[in-house]
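Enquirer: The following block contains the structure, expressed as structure tokens.
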Amino acid sequence: MDIERLKNEAKLVLCRKYYYAGFAFLPFLWTINAVWFFREAFHKPEFDEQPQIKQYVVRSGIGAFLWMMIFIGWTCVFQSNRATWGELGDQLSFVIPRGIP
């Protein structure tokens, strides 16, 4: 989809939909929103909907970054402690590695 062809009102509606959909534990939509609408928010000449699009783009970027940090933190903790957690570590694992690292 080429957002250049959309009217400014339609861009705002689409940006808003991606922003709110990110709250449904879909942080990749925030990433898409921040990347996709960055040029519209910060590099285009001023238009009426631009301040709202900027707000959604900035918030989407912050939300995606926070989710990424939480995910990386959880991954590090889980990989470091899975074997010591015993049965709980095995229950949380999709693929159970054999042996203790």
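Enquirer: Quick check on region 25-43. Is at least one of its residues open to solvent by 30 Å² or more (accessible area, probe 1.4 Å), closer than 20 Å to Ile70 by Cβ and of a type in the set (Phe, Trp, Tyr)?
Expert: So far as region 25-43 goes, yes, one or more of its residues are open to solvent by 30 Å² or more (accessible area, probe 1.4 Å), closer than 20 Å to Ile70 by Cβ and of a type in the set (Phe, Trp, Tyr).
Enquirer: While we're here: Does region 59-94 hold any residues that are under 12 Å from the mean Cα position of the chain (by Cα) and not hydroxyl-bearing (Ser, Thr, Tyr), and which are they? Break it down into steps so the answer makes sense when it comes.
Expert: Going through region 59-94, the residues under 12 Å from the mean Cα position of the chain (by Cα) turn out to be 59-71.
Matches in region 59-94: Arg59, Gly61, Ile62, Gly63, Ala64, Phe65, Leu66, Trp67, Met68, Met69, Ile70, Phe71.
Enquirer: Separate question: Mind listing whichever residues of region 1-16 are free of Cβ contacts under 8 Å to residues at least 40 places away in the same chain and either open to solvent by 40 Å² or more (accessible area, probe 1.4 Å) or more than 12 Å from Trp36 (Cα to Cα) (or both)?
Expert: Within region 1-16, Met1, Asp2, Glu4, Arg5, Leu6, Lys7, Ala10, Val13 qualify.
Enquirer: Condition check: among the aromatic types (Phe, Trp, Tyr) and either assigned to a helix (DSSP H, G or I) or in contact with a strand residue (DSSP E or B) (Cβ under 7 Å, 6 or more places away or on another chain) (or both). Does Trp85 satisfy that?
Expert: Against the criterion (among the aromatic types (Phe, Trp, Tyr) and either assigned to a helix (DSSP H, G or I) or in contact with a strand residue (DSSP E or B) (Cβ under 7 Å, 6 or more places away or on another chain) (or both)), Trp85 does not qualify.
Enquirer: Return the residues of region 52-75 that are surrounded by fewer than 12 Cβ atoms within 10 Å (Cβ to Cβ) and either over 18 Å from Thr31 (Cβ atoms) or hydrophobic (A, V, I, L, M, F, W, C) (or both); say none if nothing qualifies. Give the derivation first.
Expert: Taking region 52-75 and keeping what is surrounded by fewer than 12 Cβ atoms within 10 Å (Cβ to Cβ), we get 69-75.
Answer for region 52-75, where residues must be surrounded by fewer than 12 Cβ atoms within 10 Å (Cβ to Cβ) and either over 18 Å from Thr31 (Cβ atoms) or hydrophobic (A, V, I, L, M, F, W, C) (or both): Met69, Ile70, Phe71, Ile72, Trp74.
The values are calculated or read from the model by the stated rules, or taken from the named source; none is laboratory data. Computed from a prediction, not measured in an experiment: that's the story for all the values here. Glycine gets a Cβ as well: all are built from the backbone with ideal geometry, and neighbour counts include every protein chain shown. Ligands, DNA and RNA are excluded from the accessible area calculation, which covers all protein heavy atoms including side chains. Shrake-Rupley method; radii C 1.70, N 1.55, O 1.52, S 1.80 Å.
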